[in-house]
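Chemist: My questions all concern the structure below.
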Amino acid sequence: MSESSTARVSVHETHPSRVLAGPGARHRIPAEAERLGARRIVLVAAPSAAGAADELAQALGPRLAARFGRPAVHTPVAVTDEAMADVGRVRADCVVAVGGGSAVGLAKALSARTGMPQIAVPTTYAGSEVTPVLGETEHGVKTTRRDPAIAPGTVVYDPELTLTMPRELTLTSALNALAHAVEALWAPDATAVSDALATEAATGLLTALPVVLGDLGDLTGRARLQESAWLAGLCLAGTGMGLHHQLAHVLGGAYGLPHARLHALLLPHVMAFNLPAAPKAAARLGRITDGDPVAAVRRLAGAAGGPAGLGALGVPRDGLAGVAGQVAARPYPNPRPPEPAALLGLLEAAW
Ligand code: NAD
């Protein structure tokens, strides 16, 4: 059979995982640990999740063997080494992570080294908990690997744990999730499943975000954001990410920029760049936003507390051409050819 006759065949893979979602879901974690037969749990939690971690530690009782409280962004190998010392000392047989993508990333790294099962309890909208991907940094270089064994087997989504997110993190983290959905809509390997997930994710995020920004304590809105972030995470897991994620990877790596803020800032610019070459994504996002999706996302991204530009984040203007060159040289799927001059225009606008 010729290659051209199968060029329109799509491939959808599903990773097995058990997901508990809803207010109060965190109270089911001890039962989930029991289900896994865990006896010596290591609990990973960022300082921002200390309250939830204290509550969980108490509920786990003697099953809790160790706590590690210093996960870091982009999973530095040195931090994993440090946590591994605790894991070895207590002979841990399960890892529970409470926090954003940094805590979840550390749990993935510990599980990758030991094979122990993971329970991920995300407190942001990053989506890492449902992906089989681990990005790690060592000596300033970030490497990413993909393996079905890396994805946490159990995920617990409790929207009550997201109520502590401040306004800016709420906004930038939700736009980070929206970026997964938007890139899935224009991905060349999109399937009927990823289209459905991405459309529902974008609808939920764009509908609930203004509501939650108006009242950070709105639990119904928080639950919708979290569910949508779950779907967006599945988009990230299942489809090839394009220009947006490449730009974020190169800029984030070169200048050590905050993950969610960078995504939030770039998204409207990348949408303006790509949507004219991505009619299906443009039509779906146009229906969701009832008009101009770029303007709608730009309005949200500019909502109080959002970052003003790449310059304000600390990127020097004379570094933009180098970034454009690097991003143009990388191989990745994108609806519009990312030529260096056009990319420089995008970056100048985002600066
Ligand atoms: P993060 O986990 O670093 O959290 C950002 C900040 O917010 C931290 O200071 C954290 O303590 C705080 N925080 C988290 N939840 C909070 C809450 N509910 N209330 C108050 N403060 C809270 O950042 P992130 O954006 O969640 O995740 C980014 C990291 O995840 C990066 O390392 C990124 O590479 C990784 N990531 C990986 C994947 C993947 O599939 N491998 C996907 C997405 C993100």
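The values are calculated or read from the model by the stated rules, or taken from the named source; none is laboratory data. Bear in mind that the values here come from a model prediction, so they are computed numbers and not experimental data. Positions of Cβ are backbone-derived with ideal geometry, glycine not excepted, and every protein chain shown enters the neighbour counts. Accessible surface areas use protein heavy atoms only, side chains included; no ligands, DNA or RNA. Shrake-Rupley method; radii C 1.70, N 1.55, O 1.52, S 1.80 Å.
Chemist: I'd like to know if the range 250-259 contains one or more residues that are within 12 Å of the chain's Cα centre (by Cα) and under 19 Å from residue 327 (Cα atoms). Working first, answer last.
Modeler: Taking the range 250-259 as the starting set, the residues that turn out to be within 12 Å of the chain's Cα centre (by Cα) are 259.
Applying the additional criterion that residues be under 19 Å from residue 327 (Cα atoms) yields 259.
There is at least one residue in the range 250-259 that is within 12 Å of the chain's Cα centre (by Cα) and under 19 Å from residue 327 (Cα atoms).
Chemist: Next question. Looking at 267, 216, 262, 225, which is the one that is modelled with pLDDT of 95 or more, within 11 Å of the ligand (Cβ to nearest atom) and not assigned by TED's automatic domain parsing to the domain that holds residue 144?
Modeler: None of the others qualify; the one that does is 216.
Chemist: I'm told residue 188 meets every condition in (1) out of contact with any Cys (no Cβ under 6 Å at 6 or more places or on another chain); (2) within 27 Å of residue 282 (Cα to Cα); (3) within 13 Å of the ligand (Cβ to nearest atom) except one. Can you identify the failing condition by its number?
Modeler: Of everything listed in (1) out of contact with any Cys (no Cβ under 6 Å at 6 or more places or on another chain); (2) within 27 Å of residue 282 (Cα to Cα); (3) within 13 Å of the ligand (Cβ to nearest atom), residue 188 misses just condition (3).
Chemist: Would you say residue 173 is more than 24 Å from residue 286 (Cβ to Cβ), crowded, with 24+ Cβ neighbours inside 10 Å, outside the structural domain of residue 126 (by TED's automatic domain parsing) and among the small types (Gly, Ala, Ser)?
Modeler: So residue 173 fits the description; yes.
Chemist: Also: Which residues, taken from the range 224-240, are surrounded by fewer than 21 Cβ atoms within 10 Å (Cβ to Cβ) and in contact (Cβ under 8 Å) with a residue 24 or more places away in the chain?
Modeler: Scanning the range 224-240 gives 227, 240.
Chemist: Consider residue 155 carefully, then state whether it is open to solvent by 60 Å² or more (accessible area, probe 1.4 Å) and either within 11 Å of the ligand (Cβ to nearest atom) or among the hydrophobic types (A, V, I, L, M, F, W, C) (or both).
Modeler: Details: open to solvent by 60 Å² or more (accessible area, probe 1.4 Å): no; either within 11 Å of the ligand (Cβ to nearest atom) or among the hydrophobic types (A, V, I, L, M, F, W, C) (or both): yes.
Here the answer is no, as residue 155 does not meet what is asked.
Chemist: Among the residues in the range 6-13, are any more than 16 Å from the ligand (Cβ to nearest atom), surrounded by 10 or more Cβ atoms within 10 Å (Cβ to Cβ), over 23 Å from residue 128 (Cβ atoms) and not assigned by TED's automatic domain parsing to the domain that holds residue 191?
Modeler: Within the range 6-13 (the criterion being more than 16 Å from the ligand (Cβ to nearest atom), surrounded by 10 or more Cβ atoms within 10 Å (Cβ to Cβ), over 23 Å from residue 128 (Cβ atoms) and not assigned by TED's automatic domain parsing to the domain that holds residue 191), the answer is yes, since at least one residue qualifies.
Chemist: In the range 307-327, what count of residues is obtained for those that are touching an Asp or Glu at 6+ places or on another chain (Cβ under 7 Å) and either modelled with pLDDT under 95 or loosely packed, with under 14 Cβ neighbours inside 10 Å (or both)?
Modeler: 0
Chemist: Related question: Could you pull out the residue among 160, 168, 183 that is within 15 Å of the ligand (Cβ to nearest atom), closer than 13 Å to residue 238 by Cα and among the charged types (D, E, K, R)?
Modeler: That would be 183, the only listed residue that is within 15 Å of the ligand (Cβ to nearest atom), closer than 13 Å to residue 238 by Cα and among the charged types (D, E, K, R).
Chemist: Considering every residue within the range 72-82, establish whether at least one is among the charged types (D, E, K, R) and over 29 Å from residue 140 (Cα atoms). Let's see the steps before the verdict.
Modeler: As a first pass, look at the range 72-82 and keep what is among the charged types (D, E, K, R): 81-82.
With the extra rule that they be over 29 Å from residue 140 (Cα atoms), the set shrinks to none.
No, the range 72-82 contains no residue that is among the charged types (D, E, K, R) and over 29 Å from residue 140 (Cα atoms).
Chemist: What are the pairs with Cβ atoms under 9 angstrom where one residue, in the range 54-67, is in the same structural domain as residue 26 (by TED's automatic domain parsing) and the other, located anywhere, is open to solvent by 30 Å² or more (accessible area, probe 1.4 Å) and of a type in the set (S, T, N, Q)? Sequence gap at least six, or different chains.
Modeler: 64/58
Rundown of residues vs (1) out of contact with any Asp or Glu (no Cβ under 7 Å at 6 or more places or on another chain); (2) within 16 Å of residue 123 (Cβ to Cβ); (3) at pLDDT 95 or above, yes/no style:
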{"residue": "2", "(1), (2), (3)": "yes, no, no"}
{"residue": "8", "(1), (2), (3)": "yes, no, no"}
{"residue": "14", "(1), (2), (3)": "yes, no, no"}
{"residue": "18", "(1), (2), (3)": "yes, no, yes"}
{"residue": "30", "(1), (2), (3)": "yes, no, yes"}
{"residue": "42", "(1), (2), (3)": "no, no, yes"}
{"residue": "52", "(1), (2), (3)": "yes, yes, yes"}
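Chemist: Can you report the number of residues in the range 17-27 which are within 15 Å of the ligand (Cβ to nearest atom) and out of contact with any Ser or Thr (no Cβ under 9 Å at 6 or more places or on another chain)? Outline the logic, then answer.
Modeler: Applying the first criterion (within 15 Å of the ligand (Cβ to nearest atom)) to the range 17-27 yields 17, 23, 25-26.
Filter again for out of contact with any Ser or Thr (no Cβ under 9 Å at 6 or more places or on another chain), leaving 23, 25-26.
Adding up the residues that qualify gives 3.
Chemist: Considering each residue of the range 256-287, count those that are more than 20 Å from residue 170 (Cα to Cα), among the hydrophobic types (A, V, I, L, M, F, W, C) and crowded, with 19+ Cβ neighbours inside 10 Å, and give that number.
Modeler: Summing the residues that are more than 20 Å from residue 170 (Cα to Cα), among the hydrophobic types (A, V, I, L, M, F, W, C) and crowded, with 19+ Cβ neighbours inside 10 Å in the range 256-287 gives 8.
Chemist: For the range 111-133, what are the residues that are of a type in the set (A, V, I, L, M) and crowded, with 24+ Cβ neighbours inside 10 Å?
Modeler: Within the range 111-133, 119, 120, 121, 126, 130 qualify.
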